[in-house]
Amino acid sequence: MRSAVWVRAQVEAALWPGVPSPFARREARVPEMVPTGLAAVDALTGGLPRSSLTEISGPPSSGRTTLELALLASLTAKGEACALIDAEGALDPASALAAGVALERLLWVRCAGLEQALRAADLLLGAGGLGAVVLDLADIPARRARRVPLSYWFRFRRAVENTPTVLMLIDEEACAQSAASLVLRLELEDIHWSAAGIRNSPFESRKSVPHAQLLEGLRWRAQVVRNRNARPELLRMND
Amino acid sequence: MKFACLYLADFPVQAVVRGEPELHGRAVAVVEPEPPPCRVFALNEAARTAGAETGMSRVEVALLQEVEVRRRSPAAEVSAHAALLDLARSFSPRFEDAAADTVVLDLRGLKTLLGSAAKVADGLAARARELGIDANLAFAPNPDAARLAARGFAGITLIGEDEEADRLGGLPVEVLDLSLEMQETLARWGIHTFRALAALPAAELSERLGQEGVRLQTLARGGALRALVPAEEPLHFEEAMDLEYPVAEIEPLAFILGRLLNQLCVRLTARGRATQELRLALALEGGHEDRIRNPEIRSQKLETNPKSNPESRTLRLPVPTRDSKLLLKLWLFDLEARPPSAPVLKVAITAEPARPRVAQGDLFLPRAPDPQKLGLSLARLKGVVGEGKTGSPELLDTNRPDAFRMQSFAEVGNTAFESRKSKAASRNSKFGRPETGSHDFRSAICDLRTSKLTLRLFRPPLAARVEVRDGRLVRLESRHLRGRVVWASGPWHTSGDWWTGRQWDCEEWDVEVSVVSGQWSVVSGSRSILGIESRKSRVKRIHLYRIYRDLRDGLWFVSGLYD
């Protein structure tokens with residue numbers, strides 16, 4: 001039986017000189033974390049990592065856009081330029097401004113579908129120098145998003161690997177798999193109505209007059225599906 | 001040396017060769033543009049050696065195999081003249097625009113700055129090569145001696161103090177631009193050189209030829225003294241080219257654009273300028289600039305202003321640059337996105353001069369994309385997503401829903417001042433304070449719904465059917481959603497713009513809808529050959545929408561989703 005040393009020598013010889021030391025230990029780099037400004041999310045994840053792909057998935061009304069705009073607000077407030085690649089052009093600039101996004105530092109790319117969005121992401125990641133690139137596929141049906149070859153996500157991750165860019169992917173169901181360093185799953189828990197307080201059941205009977213109520217906010221839950229820098233936890237938070 | 005002169009021999013030929021560098025060193029004859037008859041107008045020394053002569057017909061000169069025949073290009077001559085002036089301006093602020101092919105520089109007082117005459121000569125020659133022109137250079141103690149030496153001697157000529165008469169003596173009298181009558185008179189007298197003319201007695205010459213004769217003799221002696229007429233060259237950068245044949249494809253057009261941009265950038269460099277805005281004008285076959293059908297207008301200037309010429313286009317850059325390769329790429333993206341509707345006959349590019357960008361590095365500035373790379377990426381993005389689909393959103397000063405416009409994503413993070421300004425702006429928006437003089441956001445900020453919640457908009461709004469029972473919303477149906485209304489808040493009446501044609505009048509509702517949808521989920525532990533198996537299950541979810549009823553026609557729409 002061949003010894004491990006012999007096998008190692010063979011592998012090293014085969015890979016020489018392209019890979020000088022294939023078995024050398026490489027120190028894992030700890031990415032710089034960017035706080036989102038949402039205290040609960042920052043407490044859960046420590047912020048969102050630069051030089052990595054972060055995937056935020058969840059159904060409609062689960063708080064994905066709130067988290068997206070929180071990140072953009074956090075970075076643009078520091079003077080960094082950010083890009084939002086909007087697959088269906090769904091951004092509401094008034095909401096973005098209310099969330100604290102410095103609109104003059106936001107490059108908004110209004111695409112007409114998934115293909116355009118992927119091409120735009122390719123181009124912008126190649127340009128470099130952006131604080132964050134958010135690829136918003138929230139309005140793309142999950143079945144279509146899952147058909148995007150995995151090579152795309154790995155290429156995108158590779159493009160930001162040695163840059164200080166936060167790459168965020170927003171979708172309905174997670175599709176980047178192991179290419180993402182951090183995967184958060186969001187779910188809607190409750191909706192705050194001013195007249196009824198927090199309602200837990202959608203089947204509760206209505207007692208108040210509609211125009212006497214105000215929609216005050218959403219309560220959603222974030223779950224860490226994958227985090228290469230921390231162990232999974234569950235969080236409940238208020239928006 | 002007090003004065004220098006740059007002279008472009010065979011100027012029409014040089015203007016054409018400047019646009020087609022591959023003709024450099026070859027025999028070239030330039031013919032008149034308008035037939036008939038197409039006669040040789042100008043030719044270079046190599047063409048003369050090959051047997052071509054001025055006045056030959058195009059057919060005759062075409063029989064000479066080694067001679068390249070080109071049509072005269074007034075646009076190229078204008079560009080070559082402008083390049084000559086830029087060359088002069090880059091060495092001395094005082095120069096005289098003596099003729100289209102001649103410029104005289106006053107170098108007095110510049111020795112400390114520029115060095116010796118030999119050094120200046122080397123610099124001028126090198127810069128001339130960059131500009132694609134082959135100039136004769138002459139240095140002399142007075143402007144006219146320099147001009148005559150440049151016209152008479154090829155290459156670089158240095159004439160010292162009191163050497164004028166001796167050095168110019170061998171030149172033929174034709175260099176003096178004599179009238180035909182004067183030329184015949186001197187020939188009859190046997191006067192063929194400057195030296196012979198200078199040796200004539202002044203009084204007798206004056207009796208026979210008048211003041212003109214005395215002036216010519218003074219010039220021939222190299223002793224003319226006059227003040228230079230300084231030229232005020234405006235900062236105008238334009239390069240144009242008349243094409244021999246219509247160009248229908250982008251690739252050959254790219255070569256032409258590349259040459260023009262190269263020349264333009266060298267000229268900008270010579271004047272210490274860059275550009276932030278370029279205009280490209282194309283004369284198309286069959287268009288209003290069609291020179292084949294209207295030969296008279298070929299000498300007219302091609303208008304680069306988009307208001308005057310529909311075939312002109314403008315390129316604006318985030319920062320000033322003079323990188324010709326970058327500019328060429330940007331123009332190619334533009335041309336690929338909006339190709340010319342017909343073959344191109346003439347091209348003109350105008351650059352608006354701007355001071356070059358000088359960026360001082362700062363440790364505390366936020367990171368920002370490289371402006372040139374960003375400009376390139378934005379141009380490519382335009383090609384992918386279309387015009388007007390990229391940029392920074394800017395809210396409009398109105399209460400109309402979804403009122404914004406896209407502005408260009410200009411220079412970001414280049415100066416500390418801008419960074420501070422941006423920080424202040426973002427801080428203001430965060431705390432609900434609008435920027436001074438920008439927009440009134442108070443209505444949006446005071447609105448509890450928009451300040452607390454984030455909306456995703458459907459563009460255009462989704463047409464919907466809403467079931468109303470006893471004044472309450474019961475059910476919502478649209479193309480992509482269908483569900484029971486669990487909770488509703490409204491109506492919130494908004495209206496406006498009744499004084500314009502874009503009136504809106506609607507009642508808005510926030511509705512909580514219980515939606516039953518199919519969801520694909522992975523079947524754990526089982527794998528097929530094609531991949532992971534999945535199955536669809538029905539899931540009940542709560543969605544939160546903003547809907548509205550248009551009070552003008554009573555139709556319902558879903559405007560957005562709270563997310």
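The values are calculated or read from the model by the stated rules, or taken from the named source; none is laboratory data. Note that the coordinates shown come from a computational prediction; the quantities given were computed from them, not determined experimentally. Methodologically, a virtual Cβ is constructed for each residue, glycine included, from the backbone with ideal geometry; neighbour enumeration extends over all protein chains shown.
The table that follows gives values for the structure above.
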quantity	calculated
Residue check, B:Ala128 without any contact (Cβ under 8 Å) to a residue 60 or more places away in the chain, of a type in the set (A, V, I, L, M, F, W, C) and part of a helix (DSSP H, G or I)	no
Residue list for the stretch B:31-56, restricted to those being over 36 Å from the mean Cα position of the chain (by Cα) and modelled with pLDDT under 85	B:Pro37
Residue in the stretch A:46-69 that is nearest to B:Leu462 (Cα to Cα), counting only those that are assigned to a helix (DSSP H, G or I) and at the interface with chain B (Cβ under 7 Å from one of its Cβ atoms)	A:Thr65
Residue check for A:Arg143: of a type in the set (D, E, K, R), surrounded by fewer than 24 Cβ atoms within 10 Å (Cβ to Cβ) and more than 24 Å from B:Leu455 (Cα to Cα)	no
Yes/no for B:Pro93 being out of contact with any Lys or Arg (no Cβ under 8 Å at 6 or more places or on another chain) and of a type outside the set (Gly, Ala, Ser)	yes
Residue in the stretch B:48-63 that is exposed (fewer than 15 other Cβ atoms within 10 Å of the Cβ), in a loop (DSSP other than H, G, I, E, B), of a type in the set (S, T, N, Q) and free of Cβ contacts under 8 Å to residues at least 12 places away in the same chain present	no
Residues of the stretch A:94-122 that turn out to be under 19 Å from B:Glu387 (Cα atoms) and touching a strand residue (DSSP E or B) at 6+ places or on another chain (Cβ under 9 Å), as a count	12
Top-ranked residue in the stretch B:80-117 [being touching a Leu at 6+ places or on another chain (Cβ under 8 Å) and in a helix (DSSP H, G or I); ranked as nearest to B:Ala227 (Cα to Cα)]	B:Ala88
Options B:Ser79, B:Ser90; residue that is surrounded by 21 or more Cβ atoms within 10 Å (Cβ to Cβ), among the hydroxyl-bearing types (Ser, Thr, Tyr) and under 28 Å from B:Val30 (Cβ atoms)	B:Ser79
Subset of the stretch B:311-345 [surrounded by fewer than 18 Cβ atoms within 10 Å (Cβ to Cβ), assigned to a strand (DSSP E or B) and basic (Lys, Arg)]	B:Arg316
Top-ranked residue in the stretch A:1-40 [being among the basic types (Lys, Arg) and surrounded by fewer than 10 Cβ atoms within 10 Å (Cβ to Cβ); ranked as farthest from A:Lys78 (Cα to Cα)]	A:Arg2
Qualifying residue in the stretch A:95-108 (condition: among the aliphatic types (A, V, I, L, M), surrounded by fewer than 19 Cβ atoms within 10 Å (Cβ to Cβ) and either farther than 18 Å from B:Leu381 by Cβ or over 15 Å from the mean Cα position of the chain (by Cα) (or both))	no
Counted residues, the stretch B:187-214 - those being under 30 Å from B:His81 (Cβ atoms) and either in a strand (DSSP E or B) or at pLDDT below 90 (or both)	1
Enumeration of residues in the stretch A:91-121 that are more than 7 Å from every other protein chain (Cβ to nearest Cβ) and without any contact (Cβ under 8 Å) to a residue 12 or more places away in the chain	A:Glu115
Boolean, B:Phe11 is surrounded by fewer than 21 Cβ atoms within 10 Å (Cβ to Cβ), under 26 Å from B:Arg147 (Cβ atoms) and at pLDDT 90 or above	yes
Residue within the stretch A:70-80 that is facing chain B (nearest Cβ under 7 Å), within 25 Å of B:Gly386 (Cα to Cα) and buried (at least 24 other Cβ atoms within 10 Å of the Cβ) present	no
Test: A:Glu204 is acidic (Asp, Glu), at pLDDT 80 or above and touching a strand residue (DSSP E or B) at 6+ places or on another chain (Cβ under 9 Å)	no
Hits in the stretch B:235-273 (condition: part of a loop (DSSP other than H, G, I, E, B) and more than 17 Å from the chain's Cα centre (by Cα))	B:Ala248, B:Glu249
Odd one out for A:Ala43 among (1) facing chain B (nearest Cβ under 10 Å); (2) surrounded by fewer than 24 Cβ atoms within 10 Å (Cβ to Cβ); (3) among the hydrophobic types (A, V, I, L, M, F, W, C)	(1)
Criterion (in a helix (DSSP H, G or I) and modelled with pLDDT of 90 or more) met by exactly one of B:Leu148, B:Leu137	B:Leu148
Selection status of B:Thr218, surrounded by 15 or more Cβ atoms within 10 Å (Cβ to Cβ), among the polar types (S, T, N, Q), free of Cβ contacts under 8 Å to residues at least 12 places away in the same chain and under 23 Å from B:Leu107 (Cβ atoms)	yes
Which listed residue, of B:Asp101, B:Asp10, B:Asp86, is at positive phi and touching a residue at least 24 places away in the same chain (Cβ under 8 Å)	B:Asp10
Residue check, B:Arg18 in contact with a Phe, Trp or Tyr (Cβ under 9 Å, 6 or more places away or on another chain) and crowded, with 17+ Cβ neighbours inside 10 Å	no
Matching residues in the stretch A:151-181 - criterion: being among the hydrophobic types (A, V, I, L, M, F, W, C) and either away from chain B (no Cβ under 12 Å) or more than 21 Å from A:Val224 (Cβ to Cβ) (or both)	A:Trp153, A:Phe154, A:Phe156, A:Ala159, A:Val160, A:Leu167, A:Met168, A:Leu169, A:Ala176, A:Ala179, A:Ala180
